[in-house]
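First comes the structure, then the notes that go with it.
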Amino acid sequence: MPERIVVLGGGIIGLSCAFEAARNGSLVTVVEPSAIGGQASGAAAGMLAPYTENPEQPDAFFQLCMDSLKRYPAWVEQIESLSGMNVELMPTGSITVAMHEADLLPLQTRMAWQQRYGAAAELIGAEQLRHMEPKLAAAIAGAIYCPSESHVHAPKLVAALEVACLKLGIQLMSHAGEIKLPAITKDPLRMETAIETSEYGRIVGDKLIICAGAWASKYAELFGFPIPIHPIRGQICSFDIASEAGAEAGAVKHMVFSSQAYWVGKQDGTLICGASEDVAGYDTTVTERGIESLIRWGPRVFPFLEGKRPLSSWAGLRPATLDGWPLIGTIPGREDIIIAAGHYRNGILLSPATAAMVGSLLRGDSLKGSPFAPERFAKRGSGVQR
Ligand SMILES: Cc1cc2nc3c(=O)[nH]c(=O)nc-3n(C[C@H](O)[C@H](O)[C@H](O)COP(=O)(O)OP(=O)(O)OC[C@H]3O[C@@H](n4cnc5c(N)ncnc54)[C@H](O)[C@@H]3O)c2cc1C
């Protein structure tokens, strides 16, 4: 009989794990308290940028990001062919700008070690930069061009993944309401695990995968050790540059990073600009302060944004961990429960690699000694272990 898997959380991580489990022959149910993809995953800019996101060193997290980036094209192809939907995977490459000569030095240091890991990055002088990305400010001193970074349309990826999951026969139980934690019980006689939801009642499986994003810390009491995941609000906005004077659709060809903001041009002619980082609990309100700082900074990098107001703005809660790395693994003493949460700024990028790790755990492989072990914080109270 196929294994029955219950995935708790219907963001990109939950859907990716569900997709992987179903492709491996399991009977899968996804339980989501509210709307599928309605939290961080639907708010993301969709950048797949392991080099830019990891400027310091080639540690295990960087390797995980790289592994995931490599998996992306084949993974997206499966999702697109099953769903019949386009997720707009764009191999644009990225440009990280240096506003002053002095800012080039850390970029060169980063480039030096990243070249050994396939970055194929290049230092771009001011003159060449004007040809590559003509709308950039003339005052920019130079940049690093990283051709292997890309981006997807995050809400479209979530929507396509949802359809692909349905095509595989996965049951999606959205708007399940409250998931009652004390009712997550393992029945020793029937060897099954049950949860209780306010809308659908009792849901039973052989294994649970907890993919609750910024809400995952709520399971700490159940596991008996700390899960230091907390929400970091990200506010983000989009400009309609297709209809703006001085710009046109496709005017920004690459993902562009600066010290204060990033910009990603989407196929529909919008230019996404993100993102603030602040602590506001579970509040996803967009504040004037959060968005205005993005608007104010924009013209320094892209002069054509002077005086432009965003078409829309929104916010999401990044699931941040104490050490910045996700928790992916089986709960010690509860072989029926896996957690995959805490992907902070890189959950869209890390979805295929996370799903692959969870798939391997479901097949019975051990990730013993993994730097992403969920119990790593228990060993030093709530401190960082690495
Ligand atoms: C503004 C912004 C921009 C970003 N840009 C990028 C980017 O460019 N590239 C990138 O890789 N990442 C980006 N991220 C990060 C990325 O969005 C997250 O890392 C990723 O979406 C996390 O996915 P998730 O499924 O774990 O969380 P979520 O999408 O938040 O899903 C978690 C789900 O769990 C549900 N839930 C709530 N309570 C419970 C409970 N008790 N039990 C079970 N489920 C529960 C929630 O309703 C939610 O649907 C960005 C994030 C933000 C906010």
With +1 on each Lys and Arg Cβ and -1 on each Asp and Glu Cβ, and nothing else charged, work out how big the dipole of the stretch 86-194 is about its Cα centre, in Debye to the nearest 20. 320
So how much accessible area does R309 have, in Å² to the nearest 10, using a 1.4 Å probe? 140
Estimated [θ] at 222 nm from DSSP helical runs (n ≥ 4, -39500 (n - 2.57)) normalised by residues in the chain, nearest 500: -8500 deg cm²/dmol
When only C-alpha pairs under 8 Å and at least 6 residues apart count, what is the relative contact order of the stretch 118-184, in percent? 29
Surface share of carbon and sulfur [accessible, 1.4 angstrom probe, percent] for the stretch 230-321: 49
Options G347, P332, G10, ranked by Cα towards positive dipole end of the chain, top entry (Cβ charges): P332
About the Cα centre of the stretch 230-321, what is the dipole size in debye to 20, counting +1 per Lys and Arg Cβ and -1 per Asp and Glu Cβ, all else neutral? 160
Just list whichever of K156/K308; K135/K308; K156/K266; K180/K218; K135/K253 have alpha carbons separated by over 18 Å in the model shown. K156/K308
Given the Cα-Cα distance of Q63 and T285 and 0.36 nm per residue of separation, how much length would full extension add, in nm? 76.5 nm
Work out, step by step, the length gained on full extension between L166 and E335: first 0.36 nm times the residue separation, then minus their alpha carbon distance; give nm to one decimal. 58.1 nm
How big is the C-alpha Rg of the chain next to the rule-of-thumb value 2.2 N^0.38 Å, as a ratio? 1.01
Using DSSP to define loop residues, name the GluC sites (Glu not before Pro) in the stretch 205-290 whose beta-carbon has at most 14 other beta-carbon atoms within 10 Å. E248, E277
What does the accessible area of E77 come to, in Å² to the nearest 10, when a probe of 1.4 Å is used? 130
Per residue accessible area of the stretch 94-147, 1.4 Å probe, in Å²: 48
proj_area_mean for the stretch 94-147 (convex hull on C-alpha atoms), units nm², value 3.3
Accessible area of the stretch 94-147 with a 1.4 Å probe: how many percent of it is carbon plus sulfur? 60
How large is the accessible surface per residue of the stretch 230-321, computed with a 1.4 Å probe and reported in Å² as a whole number? 42
Quick one: which residues, 5+ away or cross-chain, put their amide H under 5 Å from the amide H of L48? H built at 1.01 Å from N. S150, H151, V152
Karplus-derived 3J(HN,Hα) from phi for the stretch 16-28 (6.51 cos²θ - 1.76 cosθ + 1.60, θ = phi - 60°), whole Hz, x at Gly and Pro, runs 5, 5, 4, 4, 5, 5, 5, 5, 8, x, 7, 8, 10
Please compute the contact order of the stretch 94-147 in relative form: average sequence separation of alpha-carbon pairs under 8 Å and at least six residues apart, divided by the residue count, as a percent. 55
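The values are calculated or read from the model by the stated rules, or taken from the named source; none is laboratory data. Note that the coordinates shown come from a computational prediction; the quantities given were computed from them, not determined experimentally. Cβ coordinates were reconstructed from backbone atoms using ideal geometry, including for glycine residues, and neighbour counts include every protein chain displayed. Ligands, DNA and RNA are stripped out before the accessible areas are found, and what is left, the full protein with its side chains, is counted by its heavy atoms. Shrake-Rupley method; radii C 1.70, N 1.55, O 1.52, S 1.80 Å.
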